[in-house]
Protein chains: 2
Amino acid sequence: MAEEEPGYGAHNLPYGVDERGHVVVAYGSFAIDLAALGGLSVPDEVLTSGSLNAFMALGPEAWSATRAEIVARLDELPMSACRAIGGLSLVLPFEVADYVDFYSSEAHARAMGQLLRPDADPLPPAWKHLPIAYHGRSSTVVVSGSEIYRPSGIVASDTGPTFAPSARLDVEVELGFVVGVGSARGRSIASDQAREHVFGVVIVNDWSARDIQGFEYQPLGPFLGKSFATSISPWVVPLAALERYAVAGPSQDPPPAPYLVTKEPRNLAINFELVLNNTVISKTDSGDLYWSMAQQLAHLSANGASTRTGDLFASGTISGNEAGRAGSMIELTNAGRDPVKLDDGSTRAWLEDGDEVVIRAWCGLKDAEHLDLGEVRGRVVASMEKDGP
Amino acid sequence: MAEEEPGYGAHNLPYGVDERGHVVVAYGSFAIDLAALGGLSVPDEVLTSGSLNAFMALGPEAWSATRAEIVARLDELPMSACRAIGGLSLVLPFEVADYVDFYSSEAHARAMGQLLRPDADPLPPAWKHLPIAYHGRSSTVVVSGSEIYRPSGIVASDTGPTFAPSARLDVEVELGFVVGVGSARGRSIASDQAREHVFGVVIVNDWSARDIQGFEYQPLGPFLGKSFATSISPWVVPLAALERYAVAGPSQDPPPAPYLVTKEPRNLAINFELVLNNTVISKTDSGDLYWSMAQQLAHLSANGASTRTGDLFASGTISGNEAGRAGSMIELTNAGRDPVKLDDGSTRAWLEDGDEVVIRAWCGLKDAEHLDLGEVRGRVVASMEKDGP
């Protein structure tokens, strides 16, 4: 039954959680309920606990063993353990512990610098020395399909700073990874130890209100401009499925500090497309990110900060150097000056109420064997409280 | 028995959690184990669940009822329900959901601006229009008494950016509050509704590595310079105990946006002293904070961000305008140029390994009836991995 969905074959097997709180694995157009499948080494209570956290906390040996056990059963799957994916209502796949958003794409960082600080060097001074990041809000990480309420906040206006619904609502195409096995306070995670900790990856849409962000962000960084919503895809693709898509990544000059040195190919070549109201407005990929997942994890823990099961790391907006390969509307529209054209004849400088944004991601060529990461989807709805509380 | 500790009388009754996971209330020099006391309306499982979260989630009516029930029992406390506070090992009183640190003291914001950006206006452009804040790391919020590992990170040096243990380790004296009842995504909390959500307050020490922070913080704010540790006091003083210490706070000009307007006295007059190796190096108080708890909560949720039981809000460093009333060493020492003198004859520009920092806080006059918030304590220990991973 896998043939209908070639991106979800035995080489993929991503994990999700259904509306009953059961851990499911996508295979073809079906979701395998692992507790119903039975016969796995993992205890049933881990597979029906409402999130992937308990399973992720078991660590890489359990992840490998479970994956091997599932693969061995694919030819004799009982229909009683399978549900059509179309009939599922997938929930947030893991409880988010801390959420951190990086700034790892050089093309994006340069573009933002040019747009926001035209008189300064586009790259912040520390940018090539360490993976710049900030902590985001965990409580507003939501699963694909969740409605996105247009945020209000204080924005600059001709009459001075004014509280209003954002008029510059934007998206950010990002790759996220989730920590399965945490680390103690006072310890750090070496850059070659990431696979002992990282369970898998998701697609991230880091919704952003550029006008709110622009007014508030100095000197402590973005806050209300980002904290209203971050959407993630419902399927977590295990790292084991992605190893064949590892690529070197761009060379790093100046050479990174020893704690950030990685010996192996450090990036994943994942294709992304950004779709606004059924029009593809950008295509990009994660192979050229400057800072890798392993470097992000090593950096975050280099000061002895602890990590926990469920920690979500996002790459920051993934942009390419070529036109049409930027992962945000602020870049694609030149800060709203050059709106994008949609297939229905309309244009968009920024998102309007009712707009639907989908980010899809996959590895390989879509018309050949490929590995699908699925999608993250969200529709913008009017601010519930346009005039403020 | 309350007489020995006049700051912990029937007017205070702060909540904590002991090493068995039981909810306890301080009264005099004793801790009342509420489950052992019995006869309360709150179910026993809420009182033995390892944190205050389940109790805080019950909401203001349950908080009031429980407080009244405890007060009614103070004259007939069975010794079987009491333990000497000196024999307790208090744990982190609540599971931290999201942690947000504000920047609410004008004297502190001006001092930091002058030290870090001497050529610019010391107050960031948005500072008087909204309470500036950033998300901190929840996983490293620790209870008083926890060791503080000196963080490493990339710092500027004569030979260029270098990975090293911080040489500018600092503290920040802050007031924190914890959310008991959260709010849904898409909704906001009105500035006059804070008491429906806020359970109580704690003392916060937001440990800071100024050299790491200085190198990394543009444009997304502090990250490794703050994320290694934040200490909180073990006793959560309920808001109900603090109402008599409400004060107006400084006038706000320009007038805040409607969603930030508060009608009642908005601040709490809490005295703080900062003690380094048994020498009091600063005295300050929270009555003059520019932005209040209610304003912080209204602001954080104004964009529709959800809040949850266990959300920790910190005020940012509390500094006064007068010399010796700054809540951080970077201010007290003029960025290390004028070290503070300790009673043992030594001096400190920044914290050394082995140094112990205590922040104490109370309302009222210490030699009269007062309300004690207790203390938050931490000792600096050497970086576990001086040379990096």
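Of note:
- A:ILE189 being surrounded by 23 or more Cβ atoms within 10 Å (Cβ to Cβ), within 30 Å of B:GLY160 (Cβ to Cβ) and within 11 Å of another protein chain (Cβ to nearest Cβ): yes
- For beta carbons closer than 8 Å, sequence separation of 6+ or different chains, a first residue in the range A:341-363 that is outside any strand (DSSP E or B) and a second that is hydroxyl-bearing (Ser, Thr, Tyr), the qualifying pairs are A:LEU342/A:THR279; A:ASP343/A:THR279; A:ASP344/A:THR279; A:ALA349/A:THR333; A:TRP350/A:THR333.
- Within the option set A:THR284, A:THR333, being free of Cβ contacts under 8 Å to residues at least 40 places away in the same chain and in contact with a Phe, Trp or Tyr (Cβ under 8 Å, 6 or more places away or on another chain) holds for one residue only, A:THR333.
- The range A:157-203, residues that are assigned to a loop (DSSP other than H, G, I, E, B) and of a type in the set (Ser, Thr, Tyr): A:SER157, A:THR159, A:SER166, A:SER188, A:SER191
- Filtered residues of the range A:73-117 (kept if within 14 Å of another protein chain (Cβ to nearest Cβ), outside any helix (DSSP H, G or I) and either touching a strand residue (DSSP E or B) at 6+ places or on another chain (Cβ under 8 Å) or without any contact (Cβ under 8 Å) to a residue 24 or more places away in the chain (or both)): A:LEU92, A:VAL96, A:ALA97, A:ASP98, A:TYR99, A:VAL100, A:ASP101, A:PHE102, A:TYR103, A:ARG117
- Scanning the range A:205-252 for residues that are under 30 Å from A:PRO265 (Cα atoms) and among the small types (Gly, Ala, Ser) yields a total of 8.
- Count of the range A:143-155 residues, restricted to those that are within 19 Å of A:GLN213 (Cβ to Cβ) and either at the interface with chain B (Cβ under 7 Å from one of its Cβ atoms) or not in a strand (DSSP E or B) (or both), is 6.
Yes/no per residue for (1) in contact with a Gly (Cβ under 7 Å, 6 or more places away or on another chain); (2) farther than 27 Å from A:ARG168 by Cα; (3) at pLDDT 95 or above:
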| residue | (1), (2), (3) |
| --- | --- |
| A:PHE215 | no, no, yes |
| A:GLN218 | no, no, no |
| A:GLN252 | no, yes, yes |
| A:PRO255 | no, yes, yes |
| A:PRO258 | yes, yes, yes |
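- Single residue of the range B:244-273 satisfying the filter (touching a strand residue (DSSP E or B) at 6+ places or on another chain (Cβ under 9 Å) and charged (D, E, K, R)) that is surrounded by the most Cβ atoms within 10 Å (Cβ to Cβ): B:ARG266
- Residue in the range B:202-217 that is closer than 30 Å to A:SER104 by Cβ, without any contact (Cβ under 8 Å) to a residue 40 or more places away in the chain and at the interface with chain A (Cβ under 9 Å from one of its Cβ atoms) present: yes
- Residues located in the range B:1-42, provided they are touching a Ser or Thr at 6+ places or on another chain (Cβ under 7 Å), within 16 Å of B:SER89 (Cα to Cα) and among the hydrophobic types (A, V, I, L, M, F, W, C): B:VAL17
- Within the set A:SER152, A:SER146, the sole residue that is of a type in the set (S, T, N, Q) and under 21 Å from the mean Cα position of the chain (by Cα) turns out to be A:SER146.
The rows are residues; the columns are (1) surrounded by fewer than 24 Cβ atoms within 10 Å (Cβ to Cβ); (2) at the interface with another protein chain (Cβ under 10 Å from one of its Cβ atoms); (3) touching a Pro at 6+ places or on another chain (Cβ under 8 Å); (4) in contact (Cβ under 8 Å) with a residue 12 or more places away in the chain.
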| position | (1), (2), (3), (4) |
| --- | --- |
| B:ALA164 | yes, yes, no, yes |
| B:VAL171 | no, no, no, yes |
| B:GLY176 | no, no, no, yes |
| B:ALA184 | yes, yes, no, yes |
| B:ALA194 | yes, no, no, yes |
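- If you go through the range A:332-384 and pick out every residue that is crowded, with 19+ Cβ neighbours inside 10 Å and within 14 Å of another protein chain (Cβ to nearest Cβ), you end up with 3.
- Selection within the range A:245-276: residues that are free of Cβ contacts under 8 Å to residues at least 12 places away in the same chain and of a type outside the set (Gly, Ala, Ser). The member of this set that is nearest to A:TRP350 (Cα to Cα) is A:PRO255.
- Summed over the range B:176-227, the residues that are over 26 Å from B:ALA361 (Cα atoms), among the aliphatic types (A, V, I, L, M) and in contact with a Leu (Cβ under 8 Å, 6 or more places away or on another chain) give a count of 3.
- Of everything listed in (1) under 20 Å from the mean Cα position of the chain (by Cα); (2) free of Cβ contacts under 8 Å to residues at least 24 places away in the same chain, the single unmet condition for A:GLU375 is (2).
- Applying the criterion of being surrounded by 23 or more Cβ atoms within 10 Å (Cβ to Cβ) and part of a loop (DSSP other than H, G, I, E, B) to the residues of the range B:118-135, the residue that is farthest from the other protein chains (Cβ to nearest Cβ) is B:PRO131.
The values are calculated or read from the model by the stated rules, or taken from the named source; none is laboratory data. This is a predicted model, so every value here is computed, not measured. Cβ: placed from backbone, ideal geometry, glycine included. Neighbour counts: every protein chain shown.
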